[in-house]
1. Within the group B:60, B:46, which residue is surrounded by fewer than 17 Cβ atoms within 10 Å (Cβ to Cβ), free of Cβ contacts under 8 Å to residues at least 60 places away in the same chain, within 14 Å of chain A (Cβ to nearest Cβ) and part of a helix (DSSP H, G or I)?
2. Residue B:173 is checked against (1) at the interface with chain A (Cβ under 9 Å from one of its Cβ atoms); (2) closer than 17 Å to residue A:265 by Cβ and fails just one. What number does that condition carry?
3. Working only within segment B:94-109, note down all residues that are without any contact (Cβ under 8 Å) to a residue 24 or more places away in the chain and closer than 10 Å to residue B:132 by Cβ.
4. Suppose the filter is more than 9 Å from chain A (Cβ to nearest Cβ) and at pLDDT below 90; does residue B:247 pass it?
5. If a residue has to be part of a helix (DSSP H, G or I) and either modelled with pLDDT under 90 or out of contact with any helix residue (DSSP H, G or I) (no Cβ under 9 Å at 6 or more places or on another chain) (or both) to count, how many in segment A:155-170 make the cut?
6. Looking at (1) over 21 Å from residue A:41 (Cα atoms); (2) in a helix (DSSP H, G or I), which is the one condition that is false for residue B:152?
7. Filtering segment A:189-202 down to residues that are assigned to a loop (DSSP other than H, G, I, E, B) and surrounded by 17 or more Cβ atoms within 10 Å (Cβ to Cβ), which residue is nearest to the other protein chains (Cβ to nearest Cβ)?
């Protein structure tokens, strides 16, 4: 068996091994990946940056821990941007494994907010983030299509209390906040088909500004909504999150993760190229021998 | 009658919801909210049914000793452990007899499964089940270190509930999903071959989109890769996706009409 045959019949375990070695080495070596920001991500940043203090953003954390590596960095950076700008946030988590993870994320970002930071040349003093004043976490309810529709009537219809059992009317930031008319935009960070329902049942029916944070494999599917104006921005995968971190000057999990994703992508591309070289050589050899085309 | 009533209900409520969308009146909105509540309530019954179904299927697997039946035991332990942790919470620092209670409940369920699985000696297993059940009930009544919470959020702070979620479920789900990267690498190596024109187009498009993400290539290609990739996403991809979305939308409308008018009756089972 020559090298060509070996290459064409390469055991997939060698590919796995090579990929994991590359990931481990990339994780161990400190280097920074330069990030180019896309228009779709820039538009989300610009929209949120233009909101006046006390405006309300609904952040829908619609993913399970499966997608945590890709989507958690988006949540962290957007929520921190909102709070640094003194915006208020309503969190929902319409994915069944999401609420515990969302609760933990809120605690982590709250800790980070206690520190003084400088983003884009603006110094932000650390401050305490208070439940009911700076944010409300509505939690989880099954049947997301109904929940999205119900919140269009009144948040209290589907969520009489927040995740922690406090009636919505006792939360200061929720006074006078009834439905989507009272919020500035919805940011849906999703790893599944809940996004379809936010677009068709939410944005389509109640006409609020909607932006999406999606896993890399989902992104291409939602470009039509960007083209039609139903969605004003899309953050795609870890790269989208890294672009957002670049814009907010808040390097975190995504930019760090790009150190691993980038070499991994290069490895995958190399394997594709190698596979094709082998394929063409093999085909030419067969042609010369008068075999199969 | 068994068939006519469901068909009539679907027709009435289906037509009502279609017309309700176009009636911006308070009464119409109230009726709509009322129906939304009903759907949630029906859904909760469906969830109870699903849990019962899972229990039955899992027990049947254990009883017949089907392949990989051992994993079914973990399914049951996971299901009932999380239910117990999600309905209980410690009242202070100490745990009291909490873990004995959890173990007793799990053992009682194990004995129930065993009773349903064996052909002889059922009395012994049923007796053991009652012993464990009595232990659990006694601990539940007399142990003040923890309590049940069916209608409040206290169990969310139960360290056992949080720990199982944070340190068991989250790593398992994240690990399973991360394996995808390895399978994608392997599949890309085998499947992305320029066998014909269409496959070549797919391959070249995929490479351009992947390479766009690579900022190190910018000095070589300038913004050519980014512009080409954006064009691919915004023109051919958008056109194809839009066609799919429209097709799916029309299909949904057609299917919904068929269901409402009673032409499509698959949801009723054998019909």
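1. Values: B:60 fails: within 14 Å of chain A (Cβ to nearest Cβ).
After applying the criteria, what remains is B:46.
2. (2)
3. B:103
4. Values: more than 9 Å from chain A (Cβ to nearest Cβ): yes; at pLDDT below 90: no.
No: the conditions fail for residue B:247.
5. Pass one, segment A:155-170, residues part of a helix (DSSP H, G or I): A:155-158, A:168-170.
Then keep just the ones that are either modelled with pLDDT under 90 or out of contact with any helix residue (DSSP H, G or I) (no Cβ under 9 Å at 6 or more places or on another chain) (or both); that gives A:157-158, A:170.
Residues meeting the conditions: 3.
6. Evaluating residue B:152 over (1) over 21 Å from residue A:41 (Cα atoms); (2) in a helix (DSSP H, G or I) leaves (2) as the failure.
7. If we filter segment A:189-202 for residues that are assigned to a loop (DSSP other than H, G, I, E, B), which is where we start, we get A:191-193.
Okay, now just the ones that are also surrounded by 17 or more Cβ atoms within 10 Å (Cβ to Cβ), so A:191-192.
Working: A:191: 9, A:192: 12 Å.
Applying the filter and picking the extreme gives A:191.
Matching residues to (1) more than 27 Å from residue A:65 (Cβ to Cβ); (2) assigned to a helix (DSSP H, G or I); (3) in contact with a helix residue (DSSP H, G or I) (Cβ under 8 Å, 6 or more places away or on another chain):
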position: A:178; (1), (2), (3): yes, no, yes
position: A:187; (1), (2), (3): no, no, yes
position: A:213; (1), (2), (3): no, no, yes
position: A:218; (1), (2), (3): no, yes, yes
position: A:230; (1), (2), (3): yes, no, yes
position: A:263; (1), (2), (3): no, yes, yes
position: A:271; (1), (2), (3): yes, yes, yes
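The values are calculated or read from the model by the stated rules, or taken from the named source; none is laboratory data. Just so it is clear, the structure is predicted and the values come from calculations on it, not from any experiment. Neighbour counts run over all protein chains shown; Cβ positions are idealised from the backbone, glycine included.
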